[in-house]
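Asks: Have a look at this one.
Quick note: the coordinates plus some simple rules give every number you see, no bench work behind them. In this text the structure is predicted, and so the values were computed from the model without any measurement. Heads up, the Cβs are rebuilt from the backbone with ideal geometry, glycines too, and the neighbour counts pull from every protein chain shown.
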Amino acid sequence: MNLTPTPADKFTFGLWTVGNPGRDPFGEPVRHKLSPVELVHVLAETGAYGVNFHDNDLVPIDATLSERSQIVRDFRAALESTSLKVPMATTNLFNDPAFKDGAFTANDPQVRAYALHKTMHAIDLGVELGAEMYVFWGGREGVESDATKNPAEAIKRFRDAFNFLCAYVRDQGYNLKFALEPKPNEPRGDIYLATVGAALAFINTLDHPEMVGVNPEVAHEHMAGLNFLHAVAQAWEAGKLFHIDLNDQAFGRYDQDFRFGSVNLKTAFFLVKFLEDVGYSGMRHFDAHAYRTEDYEGVKAFARGCMRTYLVLKEKARQWNADPDIQALLAEINAGDQSAPAYSREAAAALKARPFDRAALGARGLPYEQLDQLTVELLLGVK
């Protein structure tokens, strides 16, 4: 089993992930801050394919034009020396106090205008460094009290912003697509477009829905107690799985962003199996953080662990697909003609007239317990 990542695996991390200094709401940082250039070299040591960033992860929000130019030159030189790519970029529309009431959905029209201004500059920066995917996480797009915003008006403002930005990208001739990243809450009490399903419905209302997909995250759907695999499958089936954030999370907790596969191993297995079975060709982005207990050697171990677990589960998926006992059970479960009937008036009449033995249908046993146990044994390495 080869557990060394290669460029073909398309494993990426954000500057904000490996660069997280271990600060939390109850404690100060435990790791010194590294520069973007230093973080590129950290990731290169782990075998990652690419590095992603928010605009202000790379260029401080108050940087001068000359400072920006020097930072970008240094960052580009680090990318060239390590061969790391920048597949995705995004905008920080949540940290600055200006966005305390949201960005695209803020009640203040000047804030909404500033959010567009900031995002256009950030898009330019991302494209300049090679990004072809642009992710939007609306961390402040929400409310603590529904007295403060009309939700229908907020969605309209969201739509207006995306229509504007799609038009901007088209006008600039950029090869760039957008991906919405849903989350139910935190830091706002309730965030708009809280789930993958909500984001998919919203995309269909845009002027250029072909430019916009989703970037589902394991932790975000698990926070709402939802099945992440089902959300990913729905996005894939709709042709909208543009990007994906891999991490782990205990159900119903705050956004924990644990190392991929470290909490719900069987869930992670079926996710990897799905991505590999359908031939997902996008980036496998690890939006996770090392434990607060770690130094930077521990951060490297965290990053290697994310990739290594994915590769282990990829091999387990291959074994699952080849296992004769598992495949025999699947053949038994899925016996019969599985094709959907094509409609015609005659076919509908024949189906309405067909007799069915309900008792026999209800009496048929389905060996799901055995199938699940075989899966568990394969994951535990005893099969």
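Asks: Consider N20 carefully, then state whether it is over 24 Å from Y280 (Cβ atoms), touching a residue at least 60 places away in the same chain (Cβ under 8 Å) and not hydrophobic (A, V, I, L, M, F, W, C).
Replies: Values: over 24 Å from Y280 (Cβ atoms): yes; touching a residue at least 60 places away in the same chain (Cβ under 8 Å): yes; not hydrophobic (A, V, I, L, M, F, W, C): yes.
When the stated conditions are applied, N20 passes them.
Asks: For segment 6-64, please list each of the helices (runs of 4 or more DSSP H) lying entirely inside it that holds at least 2 residues being under 24 Å from the mean Cα position of the chain (by Cα) and among the hydrophobic types (A, V, I, L, M, F, W, C). Explain how you work it out, then say what you get.
Replies: Working: elements: 15-18, 36-46, 55-58.
Passing ranges, in order: 15-18, 36-46.
Asks: Please specify each residue of segment 193-225 satisfying the condition of being part of a loop (DSSP other than H, G, I, E, B), surrounded by fewer than 24 Cβ atoms within 10 Å (Cβ to Cβ) and touching a Gly at 6+ places or on another chain (Cβ under 9 Å). Steps first, answer last, please.
Replies: Residues of segment 193-225 that are part of a loop (DSSP other than H, G, I, E, B), as a first pass: 193-195, 204-208, 215-216, 224-225.
Filter once more, keeping what is surrounded by fewer than 24 Cβ atoms within 10 Å (Cβ to Cβ): 194-195, 204-208, 224-225.
If the condition is that a residue be part of a loop (DSSP other than H, G, I, E, B), surrounded by fewer than 24 Cβ atoms within 10 Å (Cβ to Cβ) and touching a Gly at 6+ places or on another chain (Cβ under 9 Å), then A194, A224, G225 are the ones that fit.
Asks: What are the residues in segment 92-133 that are in a loop (DSSP other than H, G, I, E, B), touching a residue at least 24 places away in the same chain (Cβ under 8 Å) and charged (D, E, K, R), if any?
Replies: D96, D101, E132, listed by residue number.
Asks: Can I ask one more? Given the conditions (1) of a type outside the set (F, W, Y); (2) in a helix (DSSP H, G or I); (3) surrounded by 17 or more Cβ atoms within 10 Å (Cβ to Cβ), which single one is not true for A89?
Replies: Of everything listed in (1) of a type outside the set (F, W, Y); (2) in a helix (DSSP H, G or I); (3) surrounded by 17 or more Cβ atoms within 10 Å (Cβ to Cβ), A89 misses just condition (2).
Asks: A follow-up question, please. Of the residues V111, V135, V127, V169, which is under 21 Å from K240 (Cβ atoms) and surrounded by fewer than 22 Cβ atoms within 10 Å (Cβ to Cβ)?
Replies: Answer to the selection: V169.
Asks: Let me ask you something else. State yes or no: is V299 part of a helix (DSSP H, G or I), surrounded by 19 or more Cβ atoms within 10 Å (Cβ to Cβ), in contact (Cβ under 8 Å) with a residue 12 or more places away in the chain and aliphatic (A, V, I, L, M)?
Replies: yes
Asks: Here is a follow-up. Under 7 Å between Cβ atoms, which residue pairs at least 6 apart in sequence (or on different chains) link something in segment 27-39 that is within 22 Å of N52 (Cβ to Cβ) with a partner that is of a type in the set (F, W, Y) and part of a helix (DSSP H, G or I)?
Replies: Qualifying pairs under 7 Å: R31/Y296; P36/F75; V37/F75.
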